[in-house]
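Notes follow the structure.
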Amino acid sequence: MARRRTLQAPSADALKEIEAGIDQELTRTAVRPPIADVVADAAMRATPLPQADREQIARDKADAERLRAAQEKGLVAVEIPIHDITADALSRDRMDLNEDEMQELMTSISINGLRLPIEVYVPQHVEDGAEYGLISGYRRLAALRRLNALSGGSRFPTIAAFVREPQGVKEAMVAMIEENEVRAGLSQYERGRAAAMAVYDGIFTSVDEAVTVLFQTASKAKRSKIRSFALIHEDLGDLLKFAVALNERQCLRIAGALRAGLTEGLRGALEKTEPKTAEEEWDILLPLVEKAESGVQDPARGGRPKTAPKVQLSERYQLANGISVAQEHGPDGYAIRFYGDRVSPDLLDSVMENIRHLLEPK
């Protein structure tokens with residue numbers, strides 16, 4: 001029979017040795033997360049900011065949020081190079097500049113700086129490499145450009161401007177026209193030009209919409225006349241030199257001739273002559289205007305006259321060589337119209353030859 005072993009309780013020294021071994025094993029197997037050490041170290045090192053500093057940080061954050069909101073609404077002026085702005089991209093309403101007033105404005109800006117920023121937007125039709133189109137502030141921009149040229153380019157290379165978002169351009173134009181109507185009064189042609197150019201640049205979809213919005217306080221009869229003035233700019237604006245001098249009666253008579261189908265005749269008369277005064281220009285147009293009026297109404301029949309179907313002319317496309325082209329659609333079919341000093345019979349012959357090769361079957 002095997003002998004039984006007698007169990008003996010471990011001594012105090014043995015127990016201490018066992019406990020030390022267990023602690024060492026636990027320390028080796030339990031891994032402390034690194035982030036816990038980072039957080040603990042940051043907490044040990046961090047010291048709370050003074051109350052005044054915390055308030056300043058909160059104010060800075062609120063100011064930054066307000067600035068971003070103002071920038072999104074176009075309420076913060078930015079500095080833009082004066083040559084990055086196309087003054088005629090949209091319909092600045094005033095076309096004439098009083099030289100005495102311009103000199104006074106230049107003197108004021110030269111001494112005191114520009115007090116009021118201009119308004120610009122990013123146009124659909126970019127011309128001359130410009131990035132912005134002018135909404136309001138034509139005189140201020142013109143004054144700075146003159147001062148810049150006089151200084152050899154060293155002064156006033158930029159101008160303060162509010163950059164309007166597309167949804168804000170209409171409101172800015174309305175304010176511009178209302179201000180100038182009250183301050184100086186616009187000519188008949190300038191009113192029509194403002195509406196026509198706004199449509200060309202995509203601010204409005206039609207002349208009717210442009211006239212309704214821009215001249216919302218005008219009577220129905222006045223808005224109807226402005227639509228006629230817009231027609232003059234669309235069909236003859238590139239050739240008229242003294243359009244601003246036309247009075248209301250003259251504008252309405254020209255618009256009647258255009259509606260009667262005499263656009264080509266009026267354009268041809270203007271292209272062949274170079275009037276020196278507004279009177280000379282009107283004398284050039286008058287025979288065709290009277291011709292249209294003489295055939296407008298048949299006294300034997302009475303009632304309103306019938307007008308010839310209007311020729312629809314698309315927007316012009318400016319080419320790099322200085323020539324511009326436009327599509328034309330009328331009762332007789334389609335046509336392509338060419339504009340510019342470089343247009344010649346030889347050029348048209350070359351174009352026709354290319355069109356013939358393009359359209360003939362291979």
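The values are calculated or read from the model by the stated rules, or taken from the named source; none is laboratory data. Model, not experiment: these values are computed from the prediction. Positions of Cβ are generated from backbone atoms using ideal geometry, with glycine treated the same way; all protein chains shown enter the neighbour counts. Ligands, DNA and RNA are excluded from the accessible area calculation, which covers all protein heavy atoms including side chains. Shrake-Rupley method; radii C 1.70, N 1.55, O 1.52, S 1.80 Å.
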Report task. Could you run through segment 205-239 and say how many residues are in a helix (DSSP H, G or I), free of Cβ contacts under 8 Å to residues at least 40 places away in the same chain and touching a Leu at 6+ places or on another chain (Cβ under 9 Å)? Result -> 6
Report task. State which residue is surrounded by the most Cβ atoms within 10 Å (Cβ to Cβ) when the search covers only segment 229-286 and only residues that are of a type in the set (S, T, N, Q) and modelled with pLDDT of 90 or more. Result -> Thr263
Query raised in the report: If we keep just the residues of segment 287-323 that are among the acidic types (Asp, Glu) and over 21 Å from Ala269 (Cα atoms), which is modelled with the highest pLDDT?
Result: Glu315
Query - Every residue from segment 321-347 that is loosely packed, with under 12 Cβ neighbours inside 10 Å, of a type in the set (Gly, Ala, Ser) and under 26 Å from Glu274 (Cα atoms) - result: Gly322, Ser344
Query raised in the report: modelled with pLDDT under 85, closer than 21 Å to Leu214 by Cβ and either under 22 Å from the mean Cα position of the chain (by Cα) or open to solvent by 70 Å² or more (accessible area, probe 1.4 Å) (or both) - does that describe any residue in segment 99-111?
Result: no
